Amino acid sequence: MARPKAVRAPTTASLPNNLRIPSSTPSLTKSFGKLSRQALLDLAFTWLDDRNVASFPPYLQTNDDGPDDDDALPYPAGKTTEEVRQVYEDLQDRKGAKREVIERILEGDWRHGITLRQLAMADLRYMDDHPASLRWTALELSRIDTKRKNSKGLPPPDWSGSVPRMQAATFVQNLQREISPLVKAHYHLAHSATLPLTFLRIFVVDSPYQSPRQAAEIFTDSSRVIYVAFPDSCPYVYTSIAASTGSRSAPSASSVATDTRTLQRLVRDSIPKALSRPHERFSLQVTSLAAKNLPTLLALRGPGRPTASNGAFSIFADAATEGSPLDPRPSNTVSPEEHIRASYSSPTEGKENTNGPASKRRSSGIDTSPLSPDSKKRRLSIHSRFGTLGSSLAPAPLDRLDIRLLDKPGSSDEQYDDDVDDSTFTPPALSLTFSGSDVIGGIRKLAELGIVDPERMPSWMTGEEGVSVATVRLGRRLQKDI
């Protein structure tokens, strides 16, 4: 009697964690090859841990008396989990190539396949080891007050400090319900081991109502992966798509749902809906900040000090002075000038000079030899505009700054009002893009060399506003995104 043909019914359920990718898939080697040797060993130890081994069981011998087909393979199967764990401990104790560990995983202990959860764990480990591997966009969660929205003449409420409570399982369930009618996805939620944030990795495939079975290579396609990061105790969300976006050709009608830009917009729109509850609705607002560095986003849009303490106001965040710049009372600590002057002083200042001219080099890298009055004035001006060297923004550089200038050549101030009318908006007359390892630091260096005048620089070029995208008219950044 012939075996009945299996029937595959479409479903909106998410892809299971234990769905296995054949270990012989060539792209798996490339995915694991991004990790360091120690990172691969750490992953193997995590999978073989007593708490996780049931979810990631290694390939073991099942019958010692029967014929062993594994003898022809380069890595014979272990008899127990403890024996497999001992193999990786031996690999850690001695030096070797990364390739050896990858082959041991794919051709030996997990030759029966790598699960989607294992692949997600490998990707997130790479994110922890390389926090600047993707470009991230910061979005702000703002609460929607429907009652106040319907009331005329009342200003909108300020929910900037409102952080919704998020239960991981409930949030993923809600997000899956929002996305499932269009795409089939796999979700992996884990807290970062190095940064104060939680990663959500979303892998998407075509609609569950399409009949062809997916090829194994599609599960390692980075263009189908979207990352969302939730900083701890912070009303911001970071979103990103993988740097590799696949083919640049126009998407066909069958693949519109999995176009990277469409997917990013779909997931971005679904996040506030998944976080919302009855009578407590949220929306995502742009913050004009994108960076290829997660520590930068945490410094500028994170759980630390507020955005208003960047640039020139960093002297107050560094606790160099008390009160605020509008406080008429005298400060009980050092003056701003003394704090700025101390930034260039070394801890050994005042002691005997034993190193000659080299000792005049301070930790800031700036020569503190006698300066002219103009140079001293310029340095004070630079500190008053760019902030103090002790600022926590020093290790948080911006790699890109996009400027859109709305002023046309020959335009005058009288031609514009203070607010922008969207109905009469015209494309920008000029667009500027600054890129590099540290754009604001580079502009500051130009000011230190006397090439640009720090007194005339707008705040969005000194890092005070903490933005990477600015629409400018009459030298001022428009708060309303256009």
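The values are calculated or read from the model by the stated rules, or taken from the named source; none is laboratory data. Just so it is clear, the model here is predicted, and its values are computed rather than measured. Here Cβ is always computed from backbone atoms with ideal geometry, including for glycine, and neighbour counts include all displayed protein chains. Remember, those area values only see protein heavy atoms, side chains included, never the ligands or the DNA or RNA. Shrake-Rupley method; radii C 1.70, N 1.55, O 1.52, S 1.80 Å.
Show the residue pairs that are 6+ apart or on different chains and have beta-carbon atoms under 6 Å apart, the first residue being within region 174-190 and among the hydrophobic types (A, V, I, L, M, F, W, C), the second being assigned to a loop (DSSP other than H, G, I, E, B). Matching pairs, first to second residue: Ala185/Ser14. Name the single residue that is farthest from the chain's Cα centre (by Cα) among those in region 443-452 being assigned to a helix (DSSP H, G or I), surrounded by fewer than 18 Cβ atoms within 10 Å (Cβ to Cβ) and without any contact (Cβ under 8 Å) to a residue 60 or more places away in the chain. Checking each candidate, the answer is Leu446. State yes or no: is Pro295 open to solvent by 20 Å² or more (accessible area, probe 1.4 Å), modelled with pLDDT of 70 or more and part of a loop (DSSP other than H, G, I, E, B)? Answer is no for this residue.
A count restricted to region 165-203 and to residues that are part of a loop (DSSP other than H, G, I, E, B), within 17 Å of Met121 (Cβ to Cβ) and open to solvent by less than 30 Å² (accessible area, probe 1.4 Å) stands at 1.
Answer with yes or no whether Glu448 is under 22 Å from Pro397 (Cα atoms) and at pLDDT below 85.
Spelling it out, it is not the case that Glu448 is under 22 Å from Pro397 (Cα atoms) and at pLDDT below 85.
I'm trying to understand the selection: among the residues of region 267-279, which are assigned to a helix (DSSP H, G or I) and either surrounded by fewer than 19 Cβ atoms within 10 Å (Cβ to Cβ) or in contact with an Asp or Glu (Cβ under 7 Å, 6 or more places away or on another chain) (or both)? Walk me through it before giving the result.
Just the residues of region 267-279 that are assigned to a helix (DSSP H, G or I), to begin with: 267-275.
Result: Arg268, Asp269, Ser270, Lys273, Ala274.
Checked against (1) under 36 Å from the mean Cα position of the chain (by Cα); (2) modelled with pLDDT under 95; (3) surrounded by 11 or more Cβ atoms within 10 Å (Cβ to Cβ), Ala54 passes all but a single condition, namely (3).
Picking from residues in region 227-266 that are assigned to a strand (DSSP E or B) and among the hydrophobic types (A, V, I, L, M, F, W, C), the one that is modelled with the lowest pLDDT is Ile241. Can you pull out the residues in region 219-240 that are open to solvent by 30 Å² or more (accessible area, probe 1.4 Å) and in contact with a Pro (Cβ under 8 Å, 6 or more places away or on another chain)? The answer is Asp232, Ser233.
Looking only at residues in region 109-159 that are basic (Lys, Arg) and at pLDDT 90 or above, the one that is nearest to Leu35 (Cα to Cα) is Arg125. If you filter region 16-35 down to residues that are touching a helix residue (DSSP H, G or I) at 6+ places or on another chain (Cβ under 7 Å), part of a loop (DSSP other than H, G, I, E, B) and open to solvent by less than 80 Å² (accessible area, probe 1.4 Å), you find that the one that is farthest from Pro74 (Cα to Cα) is Asn17.
Please tell me if Ala429 is open to solvent by less than 40 Å² (accessible area, probe 1.4 Å), in contact with a Leu (Cβ under 7 Å, 6 or more places away or on another chain), modelled with pLDDT under 80 and not β-branched (Val, Ile, Thr). Working first, answer last.
On the way: open to solvent by less than 40 Å² (accessible area, probe 1.4 Å): no; in contact with a Leu (Cβ under 7 Å, 6 or more places away or on another chain): yes; modelled with pLDDT under 80: yes; not β-branched (Val, Ile, Thr): yes.
No: the conditions fail for Ala429.
Is it true that some residue in region 207-226 is over 17 Å from Arg265 (Cβ atoms), assigned to a strand (DSSP E or B), modelled with pLDDT under 85 and touching a strand residue (DSSP E or B) at 6+ places or on another chain (Cβ under 6 Å)? Explain how you work it out, then say what you get.
Here is the first cut: in region 207-226, the ones over 17 Å from Arg265 (Cβ atoms) are 208-222.
Filter once more, keeping what is assigned to a strand (DSSP E or B): none.
Taking every residue of region 207-226 in turn, none turns out to be over 17 Å from Arg265 (Cβ atoms), assigned to a strand (DSSP E or B), modelled with pLDDT under 85 and touching a strand residue (DSSP E or B) at 6+ places or on another chain (Cβ under 6 Å).
Among the residues in region 90-101, are any polar (S, T, N, Q), free of Cβ contacts under 8 Å to residues at least 12 places away in the same chain and either surrounded by 13 or more Cβ atoms within 10 Å (Cβ to Cβ) or farther than 27 Å from Pro235 by Cβ (or both)? Step through it out loud before you land on a result.
Within region 90-101, the subset polar (S, T, N, Q) is 92.
With the extra rule that they be free of Cβ contacts under 8 Å to residues at least 12 places away in the same chain, the set shrinks to none.
So far as region 90-101 goes, no, none of its residues is polar (S, T, N, Q), free of Cβ contacts under 8 Å to residues at least 12 places away in the same chain and either surrounded by 13 or more Cβ atoms within 10 Å (Cβ to Cβ) or farther than 27 Å from Pro235 by Cβ (or both).
When Ala13 is tested against (1) at pLDDT 90 or above; (2) part of a loop (DSSP other than H, G, I, E, B), only condition (1) is not met. Taking the criterion of being of a type in the set (A, V, I, L, M) and either surrounded by 16 or more Cβ atoms within 10 Å (Cβ to Cβ) or not in a loop (DSSP other than H, G, I, E, B) (or both), the residues of region 453-474 that qualify are Met457, Met461, Val467, Val469, Ala470, Val472.
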